[in-house]
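The block underneath contains the structure these notes are about, expressed in structure tokens.
The values are calculated or read from the model by the stated rules, or taken from the named source; none is laboratory data. Note that this is a predicted model, so its numbers are computed, not measured. As a convention, Cβ positions derive from the backbone with ideal geometry for all residues, glycine included, and neighbour counts pool all protein chains shown.
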Amino acid sequence: MKPLIVDTHAASCYFRTSVGGDGRKALVQITERCNLHCAHCFVSSTKAGNDMPLDQFVGTVMPRLGEARVERITLTGGEPFEHPDLMSMCRAVTDTGISLGICTNATLVSDEQIAALVGMGNVHIT
């Protein structure tokens, strides 16, 4: 089991992913929508809500995170697999060499998406 706190860093929230040393991590909420409504969830997502447009993610968010020297990006929501452009967003992250995390309830992911994410490499799913 990966510890939440070690001598150099601590993971944020419940996402249990971190970057060692002086590395930087960013959590990016790409959708407000979720297919579930779990009593224990700290996010107030519903079946309705907005999605971050792909062009905004690629053209604005990614360059800014690159300028900030972010080494790990975790895509969150709501439920990221509700986003129609999730796989393109994942590819935009991994193509830069930045480590990618996805925080998901795993109820919407398909075998094809899992295979594509494995093929991208450097992807962690929580």
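Data overview
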{"quantity": "Filtered residues of region 74-114 (kept if in a helix (DSSP H, G or I), in contact (Cβ under 8 Å) with a residue 40 or more places away in the chain and either more than 18 Å from Gly49 (Cα to Cα) or of a type in the set (Asp, Glu) (or both))", "calculated": "Glu82, Met89"}
{"quantity": "Matching residues, region 82-92, being over 10 Å from the mean Cα position of the chain (by Cα) and surrounded by 12 or more Cβ atoms within 10 Å (Cβ to Cβ)", "calculated": "Glu82, His83, Asp85, Met87, Ser88, Arg91, Ala92"}
{"quantity": "Exclusive hit being modelled with pLDDT of 95 or more, in contact with a strand residue (DSSP E or B) (Cβ under 9 Å, 6 or more places away or on another chain) and over 12 Å from Ile30 (Cβ atoms), set Val93, Val109, Val61", "calculated": "Val109"}
{"quantity": "Residue selected from region 43-52 under the condition touching a residue at least 24 places away in the same chain (Cβ under 8 Å) and under 17 Å from the mean Cα position of the chain (by Cα), by the criterion surrounded by the fewest Cβ atoms within 10 Å (Cβ to Cβ)", "calculated": "Val43"}
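The rows are residues; the columns are (1) surrounded by fewer than 19 Cβ atoms within 10 Å (Cβ to Cβ); (2) within 14 Å of the chain's Cα centre (by Cα); (3) at negative phi.
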| residue | (1), (2), (3) |
| --- | --- |
| Ala39 | yes, no, yes |
| Phe57 | no, yes, yes |
| Ala68 | yes, no, yes |
| Pro80 | no, yes, yes |
| Val118 | yes, no, yes |
| Ile125 | yes, yes, yes |
